[in-house]
Amino acid sequence: MKPAVDHASRIRWFVAAHVAAVLVIFQLAVSLGSGLAAEPMPPLTPPPCGPTPAHSVWRWPSLHIPTPPKTIKRIDDMNKTLMLSGLAAASLAALSACGGGDSTEDTGPKAVRVEFAAVAGDTPITCASTLSGLGTTSASGTLADMRFYIANVKLVTRSGSEVPLVLSTEDNYNTTKGSDTLTLIDLEDKTGTCAGTTEMNASIKGTVPAGDYVGMKMTLGVPLALNHTDQTAATTVTPAVINNAVHPGMAWSWAGGRKFTKIEVTNASWTAPTFFTHLGSTGCTGTNPAAGQVDTCARPDRPVITLASFNPDSQKVAVDVKALLAGNNVTVNGAGPGGCMSGSTDPECPAVFNALGLDLITGTQLATTPTQTLFRAVSK
């Protein structure tokens, strides 16, 4: 992100340059007014911009002015005064031109908008699209749902520092609780075969301090402190973004929490008509899990997505359904619930978890390849 143009520095340069010119003209006028003949004055030459060598000096032109002895001291004093004034003004002009003086860098908060787009391979998709080449049999189908939670977005600086994105709003799709931020990305509009909601949300908006950012990290899922709460309570108690009345279908039981992803494809002609990808924490325990009092989950299933090279000004995040389903025959169900619902023994889950960069048994980030393939940076 480039710093803002400093118009004040340009104005200072313009004024200082003109002051220097006026002083030179004034010196000539005084000389002429005293009946003295002055030679044409070459311009004042500053040293080049950049690091200043020890021998670099300002070069003031020599004046060859024939003066009567009785006026030498007066003219000499006047020249010294004017030359010093001109030198100071010209120095200010050169300083501004070389980028000195007040910093031109904008240190205020920077607005950031992280955009998401549903794709199948390189093809943008909507609820009206036919998705081809799905899974191991290159099946064709359509979207049934395309929603997922993103938490704790951080921009990564060139030096490797991770800077949290401060969300711009608290609404049906965004919340901030303590150090956690959460956004529901909704890329379906309840048309065609999609069965979600008519409203959509395809971006995360917020601010970060000014800086040199080159990448982004984000967590796929709902933070533990927000995940296991009453899904039906009023939005004053349970934020709208995780409220099942606002976003139907995104909750499991209180102990199970929310569905981190609800990505579904369907075709009525398939043996198993819908392939579900429902990611969420499992093996959760606590004081009273049935009432949402969960302390920990054996398999958290919250992958941290890293985009090492990402510029939100020129790029967006592609969400590739084709890559997510590449390792499964989406037309049949091997065992258990249809598709993958995060079960460690579900035959459809190993390939899905690989695409998410997760260890199926532990529910934690894979330490080695394969890395996640669901998200990638693409040009806007």
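Brief remarks follow.
- Here's how it looks for A272: its modeled amide H is under 5 Å from those of V332, N333, which are all 5 or more places away or on a different chain.
- For the pair S140 and A111 in one chain, pulling the backbone fully straight at 0.36 nm per residue adds 6.5 nm over the alpha carbon distance.
- Per-peptide packing, taken as the mean over residues of other Cβ atoms within 10 Å, places 333-339, 263-269 in the sequence 263-269, 333-339 from highest down.
- Formal net charge of residues neighbouring G192 (Cβ-Cβ distance under 14 Å; K, R +1; D, E -1): -3
- For C284, the residues whose amide H sits under 5 Å from its own are A298, ignoring neighbours fewer than 5 places away on the same chain, with H placed 1.01 Å from N.
- Sparsely packed loop sites in segment 158-203 (the trypsin sites (Lys or Arg not before Pro) outside DSSP H, G, I, E and B with at most 16 other Cβ atoms within 10 Å) comprise R158, K190.
- Computed over segment 128-186, relative contact order equals 28 percent, with contacts defined as Cα pairs under 8 Å that lie 6+ residues apart.
- Tensor-based shape of segment 260-320 (alpha-carbon gyration tensor, a/c under 1.5 rounded, otherwise prolate or oblate): oblate
- 11 Å beta-carbon shell around T274, net charge (K/R +1, D/E -1): -2
- The alpha carbon gyration tensor of segment 110-379 gives principal lengths a ≥ b ≥ c with a/c below 1.5, which makes the shape rounded.
- Counting other Cβ atoms within 10 Å as a rough exposure proxy, the listed residues S140, S161, S281 run S161, S140, S281 from fewest neighbours to most.
- For segment 110-379, the relative contact order works out to 21 percent when only alpha carbon pairs closer than 8 Å and six or more residues apart are counted.
- Once you reduce segment 225-248 and segment 350-367 to the center of their Cα atoms, the two points are 27 Å from each other.
Read the figures in this text as sums done on the coordinates, not as results from a lab. A quick note: this is a predicted structure, and the numbers were derived from the prediction, not measured. Ideal geometry is used to build each Cβ from the backbone, glycine not excepted, and the neighbour counts take in all protein chains shown.
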